[in-house]
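The values are calculated or read from the model by the stated rules, or taken from the named source; none is laboratory data. Given the structure is predicted, the values throughout are model-derived calculations rather than measurements. No Cβ is skipped: glycine too gets one built from the backbone with ideal geometry, and neighbour counts run over all protein chains shown.
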2 protein chains.
Amino acid sequence: MGSVLNIIKIGGNVIDDEEQLQSFLEKFAALQGKKILVHGGGKIATRVASGLGIEAKMVNGRRITDEAMLDVVTMVYAGLTNKKVVSSLQKFGCDAVGLSGADGNTIKAVKRPVKEIDYGYVGDILVDSVNLLSIKKFLEAGFTPVFSAITHNGLGQLLNTNADTIASALAVSLSKIFETRLIYCFEKNGVLRDVEDPNSVIKSIHADEFQQLVDSGTIYEGMIPKLENAFHAIGKGVKNVYIGNALNLHLYQQGEFGTCLLGK
Amino acid sequence: MGSVLNIIKIGGNVIDDEEQLQSFLEKFAALQGKKILVHGGGKIATRVASGLGIEAKMVNGRRITDEAMLDVVTMVYAGLTNKKVVSSLQKFGCDAVGLSGADGNTIKAVKRPVKEIDYGYVGDILVDSVNLLSIKKFLEAGFTPVFSAITHNGLGQLLNTNADTIASALAVSLSKIFETRLIYCFEKNGVLRDVEDPNSVIKSIHADEFQQLVDSGTIYEGMIPKLENAFHAIGKGVKNVYIGNALNLHLYQQGEFGTCLLGK
C-alpha cells in the first residue's frame, strides 16, 4: 500500500462565506502529505443564472441542467469558485491546481440516461470514471488537485456532477494506489448524539452500528444517504471516512476531527 | 538546448465562432511534440457582464477591470471558455489541462501600478513571472497546458492579463529550457504585401526589414505593436515567431504557415 492520501470535500455553505472559506483553506493548506480538495458550488451559480434570466428548471422536484444552466455552472464552479480557491491556497503556500474532470481527462462521466426524467447535462460516475494515472501524475509532481464538480464525457461534452459523488469516486479509485481517507466537511461538528448539542459528537461509528443509529432516529434525513455513501466507500477500499465541521479541519491530523466511520 | 516547444495563441474571434474553434482545435490537437495553447476571451464576457448589469468601465478609452468585471472574466475565460476548449481537445485526443496563472502558480503577475489611470485588477507580467519549473512538470507529465488570460499575484488576488503578453512571456521564459516557437493565430493568412489580396502573404520578415515595411505602409496600425512584440520575443531567445490564420494551423509543421519572423 502506498502513502496516505486525504480527500476533503467542502460544500456550498463554506464556499458562500468568504471568511469561513479563507479559514478553511488555511487549515487545508496546512495539512501534511498528499491531498485533494473537492468543492461544491454554493449559491453564486443561482445568482448568476437569475441575473442572466436563466430559470432553474425543476421536474418532479429534481433540478434539471439544461444547456444554459450548464454554461452557468461551468463558469461559476470551474471558473470563479475554483480559481478563487486555487489562488487562496497558493497564498497559503499550497501548490494547488484547479481541475474539472476534462482537465487531464481526470474524470470521465456519462450523461445520465433518460428514463422518466431527462436531467439534462448531468454526469453519472461509473466504476472506471476516475483516471488514476492522470491524477497520480499531478500528485507525484507535488501539486494539490482542486476539483470542481464539472466532468466531461470524453466526447467534448461537459457535465454537471454531484461533488459528494466525485469525492467518493476519487477516494474509492485512488485507494488502489494510496491509503485513502475521505473527509466530508459540513456545518456540524460530526454526527451528533443529540442534535441540540453541538458537542455531542459520536467519535466513531462502526458499519455494524449504522442501522441501529438509523432505527433509533439518531441518524436521520439527509445524513442517511451521506453515511450510506460513506460506508459504501469504505466497503470499496477507502481506509476511513470522517464527517465533521470544515472549521475544525486543523484538528484532523491530531485525531480530533468529527465522526470517524469504520468498516466491518 | 532541449526539445521543440510550440506556443500557440488564438484570439477571441476564433473563440466566438464554434465551427472555426472546433476546426482549429482539431488541428492544434494534431500538432506533434510539446505544445501550449493560450486563448483570449471573446465576446462572451461582454455578453455575460451586460446580462448581469455590469457596465464595461472605460477611462480615456482604456478598459478598466473592476471587481465585478474581474469576476466575470474569471468565470468566462478560466471557466466556460477554458473548459470547453479543454473538453474539445480531449475529444481530439490531446491531453489538455486548463490553467490560469494561479494553477500550479504558473504565472505570477503584479497589479498594474496606478499612475494616471487605475486599470483595476489588471496584471502586468514581469521578467520572472513565469514559473518554469511548474510548467515543465505539466509538459513532462505529457499534458498540454491551455492557458486562459487570468493570472494571480501570489497573495490571493486574481488578475486579468493580456493573452498576447502571456503567450510572449511563456515563449521567452521557456526558451531557457526548450527551443520555443511562438505562433500568433489571427484572422488573416499572415502579414500581407497587399491588404486586398489574402494570398499575398510575406513568407518571412527579417528583423532588419521590419522598419522598412512599416515606413512603406505595408505593416500598419494594429500589426505594428503585434510585430514589435514578436521581434522583442525573438530578441529574448524565442527561436521563431509565426503569424497566420488559425484555420491554416495544419500547414505549420509542413513549413507553410503564415509569416515567419526571423531574428537578427
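Within segment B:176-189, does at least one residue satisfy the condition of being away from every other protein chain (no Cβ under 14 Å), of a type in the set (Asp, Glu) and more than 15 Å from B:GLY101 (Cα to Cα)?
Residues of segment B:176-189 away from every other protein chain (no Cβ under 14 Å): B:176-189.
Cutting the leftovers down to of a type in the set (Asp, Glu) gives us B:179, B:187.
Now restrict to residues that are more than 15 Å from B:GLY101 (Cα to Cα): B:179, B:187.
Checked against the condition, which is being away from every other protein chain (no Cβ under 14 Å), of a type in the set (Asp, Glu) and more than 15 Å from B:GLY101 (Cα to Cα), segment B:176-189 yields at least one hit.
Taking each residue of segment A:48-73 that is on the phi > 0 side of the Ramachandran plot and looking for partners that are surrounded by 14 or more Cβ atoms within 10 Å (Cβ to Cβ) and not hydrophobic (A, V, I, L, M, F, W, C) with beta-carbon atoms closer than 8 Å, six or more apart or interchain, yields A:GLY53/B:GLY51.
Taken residue by residue, segment A:57-71 has no member that is under 25 Å from A:GLU26 (Cα atoms), within 10 Å of chain B (Cβ to nearest Cβ) and either in a helix (DSSP H, G or I) or at pLDDT below 95 (or both).
In the set (1) out of contact with any Gly (no Cβ under 6 Å at 6 or more places or on another chain); (2) at pLDDT 95 or above; (3) within 12 Å of another protein chain (Cβ to nearest Cβ), B:ALA78 fails one condition alone, (1). The single condition from (1) free of Cβ contacts under 8 Å to residues at least 60 places away in the same chain; (2) out of contact with any helix residue (DSSP H, G or I) (no Cβ under 7 Å at 6 or more places or on another chain); (3) surrounded by 15 or more Cβ atoms within 10 Å (Cβ to Cβ) that B:LEU227 fails is (2). For segment B:15-32, the set of residues classified as in a helix (DSSP H, G or I) and touching a strand residue (DSSP E or B) at 6+ places or on another chain (Cβ under 7 Å) consists of B:ILE15, B:PHE24, B:PHE28, listed by residue number. Scanning segment A:1-20 for residues that are at pLDDT 90 or above, out of contact with any Gly (no Cβ under 9 Å at 6 or more places or on another chain) and under 27 Å from A:ILE135 (Cβ atoms) yields A:ILE7, A:ILE8.
Looking across segment A:143-166, just one residue is within 26 Å of A:PRO225 (Cα to Cα), free of Cβ contacts under 8 Å to residues at least 60 places away in the same chain and facing another protein chain (nearest Cβ under 7 Å), and that is A:HIS152.
Among the residues of segment A:1-33, write down those that are among the β-branched types (Val, Ile, Thr) and crowded, with 16+ Cβ neighbours inside 10 Å. Selection gives A:ILE7, A:ILE8, A:ILE10, A:VAL14, A:ILE15. Mind checking whether some residue in segment A:132-146 is crowded, with 24+ Cβ neighbours inside 10 Å, assigned to a strand (DSSP E or B) and of a type in the set (Ser, Thr, Tyr)? Within segment A:132-146, not a single residue is crowded, with 24+ Cβ neighbours inside 10 Å, assigned to a strand (DSSP E or B) and of a type in the set (Ser, Thr, Tyr).
Applying the condition of being aliphatic (A, V, I, L, M) and over 19 Å from the mean Cα position of the chain (by Cα) to segment A:110-129 and asking which residue is modelled with the lowest pLDDT yields A:ILE117.
One residue stands out among those in segment A:105-115 that are of a type outside the set (S, T, N, Q) and part of a loop (DSSP other than H, G, I, E, B): the one that is nearest to the other protein chains (Cβ to nearest Cβ), which is A:ALA109.
A single member of A:ASP118, A:ASP124 is crowded, with 16+ Cβ neighbours inside 10 Å, more than 7 Å from chain B (Cβ to nearest Cβ) and not basic (Lys, Arg), and it is A:ASP124. When we screen A:GLN32, A:GLN22 for residues that are facing chain B (nearest Cβ under 9 Å) and of a type outside the set (Ser, Thr, Tyr), the only hit is A:GLN22.
What number of residues within segment B:85-104 satisfy the criterion of being under 18 Å from the mean Cα position of the chain (by Cα) and either in contact (Cβ under 8 Å) with a residue 24 or more places away in the chain or more than 13 Å from every other protein chain (Cβ to nearest Cβ) (or both)?
First pass over segment B:85-104, keeping only residues under 18 Å from the mean Cα position of the chain (by Cα): B:85-86, B:89, B:96-103.
In the following step, the residues that additionally are either in contact (Cβ under 8 Å) with a residue 24 or more places away in the chain or more than 13 Å from every other protein chain (Cβ to nearest Cβ) (or both) were identified as B:85-86, B:89, B:96-102.
Residues flagged as under 18 Å from the mean Cα position of the chain (by Cα) and either in contact (Cβ under 8 Å) with a residue 24 or more places away in the chain or more than 13 Å from every other protein chain (Cβ to nearest Cβ) (or both) within segment B:85-104 amount to 10.
Among the residues of segment B:229-264, the ones that are part of a helix (DSSP H, G or I) and modelled with pLDDT of 90 or more come to 15 in all.
Residues checked against (1) surrounded by fewer than 22 Cβ atoms within 10 Å (Cβ to Cβ); (2) in contact with an Asp or Glu (Cβ under 7 Å, 6 or more places away or on another chain); (3) basic (Lys, Arg):
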{"site": "B:ILE44", "(1), (2), (3)": "yes, no, no"}
{"site": "B:GLU55", "(1), (2), (3)": "yes, no, no"}
{"site": "B:TYR77", "(1), (2), (3)": "no, no, no"}
{"site": "B:LEU80", "(1), (2), (3)": "no, yes, no"}
{"site": "B:LEU99", "(1), (2), (3)": "no, no, no"}
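Restricting segment B:156-167 to residues that are over 25 Å from A:GLU140 (Cα atoms) and in a loop (DSSP other than H, G, I, E, B) leaves a set whose member that is modelled with the lowest pLDDT is B:ASN162.
Look at A:GLU196 and say whether it is at negative phi, among the charged types (D, E, K, R), surrounded by fewer than 13 Cβ atoms within 10 Å (Cβ to Cβ) and not in a helix (DSSP H, G or I). So that I can check it myself, show each step before the final result.
Numbers: at negative phi: yes; among the charged types (D, E, K, R): yes; surrounded by fewer than 13 Cβ atoms within 10 Å (Cβ to Cβ): yes; not in a helix (DSSP H, G or I): yes.
So A:GLU196 passes the test.
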